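Have a look at the structure below, then the notes.
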Amino acid sequence: MVEKIRWLGHASFCIEAERVVYFDPWKVKQDLPQADIVLVSHNHYDHCSVEDVKKISKKETVVVTNESCASIFINIELKVVKPNDRTVVNDVEIEVFPAYNTNKTFHPRSAGGLGFVVTLSGQRIYHCGDADFISEMKDIRCDIALLAVSGTYVMTASEAAKAAEVIRPKVAIPMHFGDIVGSSKDAEEFTMLCQELPIEVKILNKE
């Protein structure tokens with residue numbers, strides 16, 4: 001089973017299971033486990049950080065990302081993907097979804113931003129990347145959804161709750177708050193709205 005889900009702040013997570021998988025590592029500490037797989041959603045500095053990837057990488061680490069991010073990584077194994085791809089990396093199934101804005105211009109669909117569903121120990125974990133509530137979310141099936149809630153660049157708490165209602169995960173974990181934009185109030189509002197669905201929400205402490 002998935003042993004541990006660590007929220008490292010912002011949109012950054014470390015998932016410890018039969019493989020160690022990171023999403024969008026940024027401002028990571030030195031004492032974290034080395035990665036088998038690093039998934040990078042798009043090329044903004046707070047998601048695509050070469051220095052942070054280096055901190056958690058070993059010789060066998062594979063970075064899974066889009067073409068624009070891949071161009072800045074050197075001396076590391078890369079798997080370049082695009083929305084709607086499916087692949088297997090280090091025995092981990094990865095499904096790739098689009099991530100983009102619908103009512104703002106920070107993340108246009110044409111930029112090729114990514115969301116990911118990874119299957120670890122039989123559990124499907126979705127990381128939405130920097131996205132609004134988009135129509136493609138209706139096609140996502142997952143047990144755990146990592147959803148942005150802070151607004152401005154991504155979904156608001158209300159929009160994230162609508163996404164959760166469509167996706168229907170067993171557990172939703174709010175992210176993308178407390179750094180650059182958003183606060184714990186956004187996570188709390190998201191929790192309150194999900195109680196009405198009902199969907200279990202876990203607000204993780206930043207590690």
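Along segment 140-145, what does the Karplus equation 6.51 cos²θ - 1.76 cosθ + 1.60 (θ = phi - 60°) give for ³J(HN,Hα), rounded to whole Hz, x for Gly and Pro?
Along segment 140-145, the couplings run 8, 10, 8, 8, 10, 10 Hz.
Give the lysines whose C-alpha is closer than 21 Å to that of LYS138, dropping any in the same chain fewer than 8 places away, or say none.
Once the sequence-local lysines are set aside, what remains near LYS138 is LYS82, LYS104, LYS162, LYS170.
Which of the three applies to segment 1-87, rounded, prolate or oblate, going by the alpha-carbon gyration tensor with a ≥ b ≥ c and a/c under 1.5 meaning rounded?
Here segment 1-87 falls in the rounded category.
Subtracting the Cα-Cα distance from 0.36 nm times the residue separation, let me have the gained length for ARG141 to GLU188 in nm, one decimal.
Values: separation 47, 0.36 × 47 = 16.92 nm, distance 2.41 nm.
So the extension gain works out to 14.5 nm.
Which cross-chain or sequence-distant (5 or more) residues have an amide H under 5 Å from the amide H of GLY115, H modelled 1.01 Å from N in plane?
Residues meeting the criterion, in which the H sits 1.01 Å from N, are PHE97, ALA99.
Using only the alpha-carbon atoms, what does the chain span along each of its principal axes? Please give whole angstrom values in decreasing order.
46, 36, 30
Relative to the longest principal Cα axis of the chain, at what angle does helix 157-167 sit, 0 to 90 degrees, rounded to 10?
80 degrees
Give me, ordered by chain and number, the residues 5 or more places off GLY9 or on other chains with an amide H under 5 Å from its own placed amide H.
The list, which skips near neighbours in sequence, is GLU207.
Would you please give the residues with an amide H less than 5 Å from that of ALA35, counting only those at least 5 places away or on a separate chain, with H modeled from the backbone geometry?
HN-HN under 5 Å from ALA35: SER57, LYS58.
Within the accessible area of the chain, what % is carbon and sulfur when the probe is 1.4 Å and the other protein chains stay in place? Show your work: numbers first, answer last.
Numbers: 4410 of 9330 Å².
Result for the chain: 47 percent of the exposed heavy-atom area is carbon or sulfur.
Quick check for you: with a 1.4 Å probe and neighbouring chains kept, what is the accessible area per residue of the chain, in Å²? Walk me through the numbers before you get to the answer.
Details: 9330 Å² over 207 residues.
Using a 1.4 Å probe on heavy atoms only, each residue of the chain averages 45 Å².
For LYS59, which lysines qualify as cross-link partners when the Cα separation must be under 22 Å and same-chain residues fewer than eight apart are set aside?
LYS27, LYS29, LYS79
Give me the distance in nm between label points sitting 7 Å out from Cα along the Cα-to-Cβ direction at GLU165 and LEU204, one decimal.
Here the answer is 2.6 nm between the modelled labels.
Can you compute 3J(HN,Hα) from phi for each residue in segment 192-207, using the Karplus curve 6.51 cos²θ - 1.76 cosθ + 1.60 with θ = phi - 60°, rounded to whole Hz and x for Gly and Pro?
4, 5, 6, 4, 7, 7, x, 10, 5, 10, 10, 8, 8, 6, 5, 10
Please work out the FRET efficiency for the pair ILE180 and LYS54, using the Cβ-Cβ distance as r and a Förster radius of 25 Å; give the result to the nearest 0.05.
Taking R0 as 25 Å, the efficiency between ILE180 and LYS54 is 0.70.
The values are calculated or read from the model by the stated rules, or taken from the named source; none is laboratory data. Every value quoted in this text rests on a predicted model; they were computed, and no experiment measured them. Neighbour counts are summed over all protein chains in view; Cβ atoms, including those assigned to glycine, are modelled from backbone coordinates with ideal geometry. What goes into the accessible areas is simple: the full protein's heavy atoms, side chains included, and nothing from ligands, DNA or RNA. Shrake-Rupley method; radii C 1.70, N 1.55, O 1.52, S 1.80 Å.
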